[in-house]
Amino acid sequence: MASVTLEHVTKRFGEVTAVRDVNIEVKDKEFLVLVGPSGCGKSTTLRMIAGLEEISEGAVFIADRLVNDVAPKDRDIAMVFQSYALYPHMSVYDNLAFGLKLRRTPKKEIDRRVQDAAELLGLTDLLQRKPKQLSGGQRQRVALGRAIVREPKVFLMDEPLSNLDAKLRVQMRAELIRLHQRLQTTVIYVTHDQVEAMTMGTRIAVLRDGVLQQIDAPQVLYDHPKNMFVAGFIGSPSMNFVDAKIEGDMADMWVNCGSFRVPVPATHRERLEPLLKKQSRECFFGIRPEDMYEPKYAPPEVETDARMRARVDVTEPLGAEIYLYLLAGEKMMVARVDPRTRADIGDEVEMVLDMSKMHVFDRDTQEAYT
C-alpha cells in the first residue's frame, strides 16, 4: 500500500477556485474521509489525486512519487464512483475481470483475483448473474470488487453509498469498515454525510468552499472543533449557537445569553481569558443537544447549577430519545433528551446544561477559544 500527500494543491476552473491551497498527508493503510457540504471541493480533490482533473498549483505524491504528470492508469489507484457503472451485458464475473483483461493479466491470475474478491464480498453465488438481476447493495459490492481485484496501492471512493436506502447504507458502512481492516489498504473516501464520516474514518478532513477547515480523528473533531463551521457540521443534530457575552472575571465568570445566564466552570476560564481583555466581550456560545438535560434525568457527574428556562415548540419522539425544539427567548435550540420525558408542545421546561462540554467562538473570526 502507499501514503498520499497533497502539498499546496489548488484547482481553478476559469475564475472560480474550487480547491484552495490544500495540504493533506494520508498515511499508509489509513482510512481518510473528505467531508463537507455539496460544492466544497471534496470530489474535485479526489479527482486530482486520481488524475482525472489537472492540478492548477501544488503537488500530489503517491508513495513518495510525484504524480502530477502521471496518467491515471499508471498511478496504481482504483476508484469507486457514486454510480455503479457496471457493464449491463456482462456477468458479475466478467465485470470483475474486465479491467484485468485489458491489462493482459494471465487468465489463471484473473480467476484467482476474481474468486478471492467474490468470496471477500459474498458474491461467489452471483458470479454468473447480470447486473439487472442484482439488488442495489449487490451491485455496489460488484463495483467494490472491481476495484479490489486491481490490488491497487490506494482506493478512492466518491460517495459510493449515496444511491442506497438508509438501512442498506448502514449495512454497507459496516462492510466497508471490515473490508478495510482485512485488506489493510489506504482509502480516501468522499461523503457529504457526517455520520458516515464519523463512523468510518480513521481521520476526517472537513472542507468548506475549497478550503481545509480541520483534519483530525473523529472524536477530536467532535470534542474540539476548530471553528463554528466544523462544530455545526460534525454532530447530529447540529450544535446550538447563541449570541452571548462573557461577564465577570477569572474568579467568577458567566456566559450571558440574554434569555439565560450560566456559570463558566473553573476548567474553562483560562481559555476564555483573552475575551475578558476585549472591550465588548461578545462571542458565540455553543452547546450540543446531547449536553442538555431535564434536571431529573441529568447524569450524576453533571453539575446542575447551569440552568435555562424555555418553551417547547416542537417534539420529535424517536423511540430511544426525544428531540425537543425549545424557544429560549427568541432563540431556537434543540435538546436531545431522555425518552421518559413528558414535556409537550407549549410547556415551559427547565434544562440543565453540561458546561464541561461548552464551546465559545470568537464573534469576528468564528474560531474556537481552545
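The one condition from (1) among the basic types (Lys, Arg); (2) under 17 Å from ILE246 (Cβ atoms); (3) touching a strand residue (DSSP E or B) at 6+ places or on another chain (Cβ under 8 Å) that LYS277 does not meet is (3). None of VAL149, VAL170 is β-branched (Val, Ile, Thr) and open to solvent by less than 20 Å² (accessible area, probe 1.4 Å) except VAL149.
Applying the criterion of at least 3 residues that are in contact with a strand residue (DSSP E or B) (Cβ under 8 Å, 6 or more places away or on another chain) and farther than 23 Å from ILE62 by Cβ to the helices (runs of 4 or more DSSP H) found wholly in the range 184-237 leaves 194-200, 228-233. Whether any residue in the range 51-62 is loosely packed, with under 14 Cβ neighbours inside 10 Å, of a type in the set (A, V, I, L, M), farther than 27 Å from LEU176 by Cα and in contact with a Leu (Cβ under 8 Å, 6 or more places away or on another chain) is what I want to check. Checked against the condition, which is being loosely packed, with under 14 Cβ neighbours inside 10 Å, of a type in the set (A, V, I, L, M), farther than 27 Å from LEU176 by Cα and in contact with a Leu (Cβ under 8 Å, 6 or more places away or on another chain), the range 51-62 yields at least one hit.
Among the residues of the range 25-40, the ones that are in contact with a Leu (Cβ under 8 Å, 6 or more places away or on another chain), open to solvent by less than 10 Å² (accessible area, probe 1.4 Å) and under 14 Å from LEU6 (Cα atoms) come to 2 in all.
Scanning the range 177-197 for residues that are under 15 Å from the mean Cα position of the chain (by Cα) and buried (at least 20 other Cβ atoms within 10 Å of the Cβ) returns VAL187, ILE188, TYR189, VAL190, THR191, GLN194, GLU196, ALA197.
VAL314 fulfils the conditions (1) farther than 22 Å from PRO225 by Cβ; (2) among the β-branched types (Val, Ile, Thr); (3) touching a Leu at 6+ places or on another chain (Cβ under 6 Å) except for a single criterion, (3).
The values are calculated or read from the model by the stated rules, or taken from the named source; none is laboratory data. Keep in mind it's a predicted model, so treat the numbers as computed, not measured. Note: ideal-geometry Cβ built from the backbone for every residue, glycine included; neighbour counts use all protein chains shown. With ligands, DNA and RNA removed, areas are computed over all heavy atoms of the protein, side chains included. Shrake-Rupley method; radii C 1.70, N 1.55, O 1.52, S 1.80 Å.
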